[in-house]
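Single-structure report; data block below.
The values are calculated or read from the model by the stated rules, or taken from the named source; none is laboratory data. Since this is a predicted model, take the numbers as computed values, not measurements. A quick note on method: Cβ atoms are made from the backbone with ideal geometry, for glycine too, and the neighbour counts reach across all protein chains shown.
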Amino acid sequence: MTTTIDPLREPALEFAFEIRVEVTEDRHVGRGSDERLTFAPIVGGTVDGPQLRGEVLPGGGGPVSVSYWPHTGQDQRCCF
């Protein structure tokens, strides 16, 4: 029995909305000498687009991790 696999189709993507957030000064949380972990509080913002519009309420935020060795990098994630 021969099984054929359909070729992958390119995804159909369309713009839904854009989120713009306002953050205050980040707060140091911890980590070692080669990495700094902070928390970036969200204090407001907007959501605007053809499929969704609204206001970002204060209270969300997320961790910001900055590594210094062997290279400098940043990872930021937020919860809305």
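At-a-glance table
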read-out: Output for the stretch 1-57, where each listed residue is among the acidic types (Asp, Glu) and farther than 30 Å from Tyr68 by Cβ; value: Asp6, Glu10, Glu14, Glu18, Asp48, Glu55
read-out: Scan of the stretch 1-42 for residues that are surrounded by 12 or more Cβ atoms within 10 Å (Cβ to Cβ) and either of a type in the set (A, V, I, L, M) or in contact (Cβ under 8 Å) with a residue 60 or more places away in the chain (or both), ordered by number; value: Ile19, Val21, Val23, Val29, Leu37, Ala40, Ile42
read-out: Residue tally, condition assigned to a loop (DSSP other than H, G, I, E, B) and over 19 Å from the mean Cα position of the chain (by Cα), over the stretch 15-48; value: 4
read-out: Those residues of the stretch 1-23 which are at pLDDT below 90, out of contact with any Gly (no Cβ under 6 Å at 6 or more places or on another chain) and within 28 Å of Pro58 (Cα to Cα), in sequence order; value: Val23
read-out: Hey, Gln51 modelled with pLDDT of 90 or more and surrounded by fewer than 10 Cβ atoms within 10 Å (Cβ to Cβ) or not; value: yes
